[in-house]
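See below for the structure under consideration.
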Amino acid sequence: MSMADVFGNDSAVDPRMDDVLHPADVTILGVGNVILRDEGFGVRAAEYLDAHYDFPESVQVVDGGTLGIELTQYVTGTKKLLVIDSINGGQEPGTRFHFHNDDIMTHFQDKLSAHEVGIQDVLALLMVTGRKIPEVVVLGAQPYDLEAGVELSPEMKALLPLVAQEAIDVLKEWGIEVKEKAEERSLDYGVVAEECVREEMK
């Protein structure tokens, strides 16, 4: 199935999306606002994972940006969802979080950023429509700096390898074989989720 099938047969769908998103049993979803420094941690973590690891065809890595309910189209049908995010849990900056299944909704009832609302809405919609994702894990860290800027703070950037390894450990628990790349190769996310949906909405 191509992304044209997912989004509908529309000329606005960039064919390169087929190299980025595909129907998958496992979805790694990085979310956050990349123009507010550490708010973009989830997206930067997804980029880090893509640059450093090779994943099997059963796994898709998605930059969800600050999308809300639109994220549904990227995760519907996936059996295991791993979300990475900058999480304001009221803790010391750099504190890492690991939520699993029911703990996720409990957390989101109290601590909500805009994109956490989006994740909550997506999970709730899938549940009430009988398409609940069986396994969901959310990983993240308390941000240091939320000022305007596209670079992570040095302290938050130092957490990328740690959270990436935690993500790899979760995938291994799910029986997913992940291999380190011989050399770093970054994926161009210029045409991924958020941009494509913007085009669809024009």
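Each row is one residue, and each column tells you yes or no for (1) charged (D, E, K, R); (2) assigned to a loop (DSSP other than H, G, I, E, B); (3) open to solvent by 60 Å² or more (accessible area, probe 1.4 Å); (4) touching a helix residue (DSSP H, G or I) at 6+ places or on another chain (Cβ under 6 Å).
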| site | (1), (2), (3), (4) |
| --- | --- |
| D85 | yes, no, no, yes |
| Q91 | no, yes, yes, no |
| H98 | no, no, yes, no |
| I104 | no, no, no, no |
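Of all residues in the range 20-31, those that are modelled with pLDDT of 90 or more have Cβ atoms under 6 Å from Cβ atoms of residues that are among the small types (G, A, S) and assigned to a loop (DSSP other than H, G, I, E, B), 6 or more apart or on another chain, in D25/S58; V26/S58.
Conditions (1) in a strand (DSSP E or B); (2) over 17 Å from A51 (Cα atoms); (3) at pLDDT 95 or above; (4) out of contact with any Cys (no Cβ under 6 Å at 6 or more places or on another chain), marked per residue:
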site	(1), (2), (3), (4)
G140	yes, yes, no, yes
L146	no, yes, no, yes
M156	no, yes, yes, yes
L162	no, no, yes, yes
E166	no, no, yes, yes
L171	no, no, yes, yes
E177	no, no, no, yes
E183	no, no, no, yes
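Of the residues examined, I69 is one that is surrounded by fewer than 22 Cβ atoms within 10 Å (Cβ to Cβ), within 23 Å of R131 (Cα to Cα) and not basic (K, R). Please pick out the residue among T66, T95 that is in contact with a His (Cβ under 9 Å, 6 or more places away or on another chain) and either at pLDDT 90 or above or under 23 Å from L36 (Cα atoms) (or both). Answer to the selection: T66.
Within the range 67-101, the set of residues being of a type in the set (S, T, N, Q) and either without any contact (Cβ under 8 Å) to a residue 12 or more places away in the chain or touching a strand residue (DSSP E or B) at 6+ places or on another chain (Cβ under 7 Å) (or both) comprises T78, S86, T95, N101.
The values are calculated or read from the model by the stated rules, or taken from the named source; none is laboratory data. As the structure is a computational prediction, the values presented were derived from the model and not from experiment. As a convention, Cβ positions derive from the backbone with ideal geometry for all residues, glycine included, and neighbour counts pool all protein chains shown. Note: accessible area is taken over every heavy atom of the protein model, side chains too, but ligands, DNA and RNA are not part of it. Shrake-Rupley method; radii C 1.70, N 1.55, O 1.52, S 1.80 Å.
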